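Taking it in order: structure first as structure tokens, then the write-up.
The values are calculated or read from the model by the stated rules, or taken from the named source; none is laboratory data. Computed from a prediction, not measured in an experiment: that's the story for all the values here. Note that each Cβ is placed from the backbone with ideal geometry, even for glycine, and that neighbours are counted across all protein chains shown. All accessible areas refer to the heavy atoms of the entire protein, side chains included, with ligands and DNA or RNA removed. Shrake-Rupley method; radii C 1.70, N 1.55, O 1.52, S 1.80 Å.
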Amino acid sequence: MSKKRIAVLVSGSGTNLQAIINQIDRGRIDAEITLVVSDKVNAYGLVRAKNQNIPTYLLHEDVLKDDYNQKLLDKLQSEKIDLVVLAGYLKILPAKIIEHYRNRIINIHPSLIPSFCGKGYYGLKVHEAAIEYGVKVSGATVHFVDEIADHGPIILQKSLEVTNEDDPQSLQKKVLEIEYEILPETIRLFCEDRIQVEGRRVIIKQEE
Ligand code: GRF
């Protein structure tokens, strides 16, 4: 079987992208990142991609305004992408792309969905909300992307304890460590064809 071709979409520093690259380099994931897309010209994720000789695609302002939908879909199709990974990508994906890549787009979110997710919950805001609410447990979620923000079927979640000493910054740091585990792990499972979607429920098949 040929290696799956992955596109990673970023808007920022791309530490999750780096975690995926590292796991591929270690031979843990049998796949290739063949494209890194960004909507931000100064996203450090683009530098990480270039350092690895991964082709990049920048969604310029005019593309985002006029033809975002078709241009990005064309690019993903011409690159024969099997899996789209949203790793800190802050733009809402066009419905046409979600439809075309149903159950082949995953997103990492830094909370235990369905808490602290959806519109307006990004970056530090997620962790500020969690601390303010007083939760004792938080974590990260990888899910398939559907038409509603942070709503599609949940693939993997991992939790951690929120302590009295935590502030939004420390919580963000701890949650990122979990993200670096469960995002590459999800990609590994996807590449091994071990993820099965039944309605909202995701079944992880045992290793053969
Ligand atoms: C992560 O916390 C991710 O969960 C969220 O955006 C952040 C991206 O961080 N969607 P990075 O760009 O991977 O460093």
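Summarising the amide proton neighbourhood of Leu112: residues at separation of 5 or more, or on other chains, whose placed amide H is nearer than 5 Å comprise Gly139.
Distance between the 7 Å Cα→Cβ label points at Lys136 and Glu208: 4.4 nm. Considering only Lys50, Lys174, Lys65, the mean-square fluctuation computed in a Gaussian network model of the chain, springs between alpha carbons under 10 angstrom, is largest for Lys65. Couplings 3J(HN,Hα) for segment 194-203, derived from phi with the Karplus relation 6.51 cos²θ - 1.76 cosθ + 1.60 (θ = phi - 60°), are 9, 10, 10, 9, 10, x, 7, 8, 10, 9 Hz, where x marks Gly and Pro. For the chain, the solvent-accessible area of protein heavy atoms averages 52 Å² per residue (probe radius 1.4 Å; ligands and nucleic acids excluded).
Here the simple spin-label model places points 7 Å from the Cα toward Cβ, and for Lys40 and Lys80 these points are separated by 3.3 nm.
On the beta carbon distance between Asp67 and Gln157, with R0 = 45 Å, the FRET formula returns roughly 0.80. Rg and Dmax, both from the Cα atoms of segment 1-101 and both in Å, are 13.0, 40. Label separation (Arg194 vs Gln52): 2.0 nm, computed from points 7 Å beyond Cα along the C-beta direction. Here the Kirkwood formula puts the hydrodynamic radius of segment 131-208 at 14.0 Å, using every distinct Cα pair. Taking amide H as placed 1.01 Å from N in the peptide plane, the amide H of Tyr57 sits under 5 Å from that of Val36, Val37, Ser38, each at least 5 places away or on another chain. Placing unit charges on the Cβ atoms only, positive for Lys and Arg and negative for Asp and Glu, gives the chain a dipole magnitude near 320 debye about its Cα centre.
Phi angles of segment 40-45 translate, via the Karplus equation with coefficients 6.51, -1.76, 1.60 and θ = phi - 60°, into HN-Hα couplings of 10, 4, 9, 5, 5, x Hz per residue; Gly and Pro are given as x. Note on the chain: helix-only mean residue ellipticity at 222 nm, from DSSP H runs of 4+ residues weighted -39500 (n - 2.57) and normalised by residue number, equals -10500 deg cm²/dmol.
Comparing Ile33, Ile108, Ile195 in a Gaussian network model of the chain (Cα springs below 10 Å), the most mobile by mean-square fluctuation is Ile195.
A cut-off of 5 Å between modelled amide H atoms, ignoring neighbours fewer than 5 places along the same chain, links Ile105 with Val84, Val145.
Taking Thr163, Thr56, Thr15 in turn, the Gaussian network model of the chain (Cα-Cα springs below 10 Å) assigns the largest fluctuation to Thr163.
Can you say what percent of the DSSP beta bridges in the chain, counting only those with both residues inside, are antiparallel? Round to 5.
Here the share of antiparallel DSSP bridges comes out near 45 percent.
Over all pairs of different C-alpha atoms, the chain has a mean inverse distance whose reciprocal, the Kirkwood radius, equals 17.4 Å.
Remark: the Lys173-Asp30 segment gains 48.7 nm on full extension, using 0.36 nm per residue and subtracting the alpha carbon distance. Summarised as an ellipsoid, segment 94-163 has semi-axes of 25, 13, 7 Å, derived from the eigenvalues of the Cα gyration tensor scaled by 5 and square-rooted, with the largest first.
Cross-link pairs exceeding 23 Å in C-alpha to C-alpha distance, out of Lys174/Lys205; Lys136/Lys173; Lys96/Lys173; Lys50/Lys173; Lys40/Lys71; Lys136/Lys205, comprise Lys174/Lys205; Lys96/Lys173; Lys50/Lys173; Lys136/Lys205.
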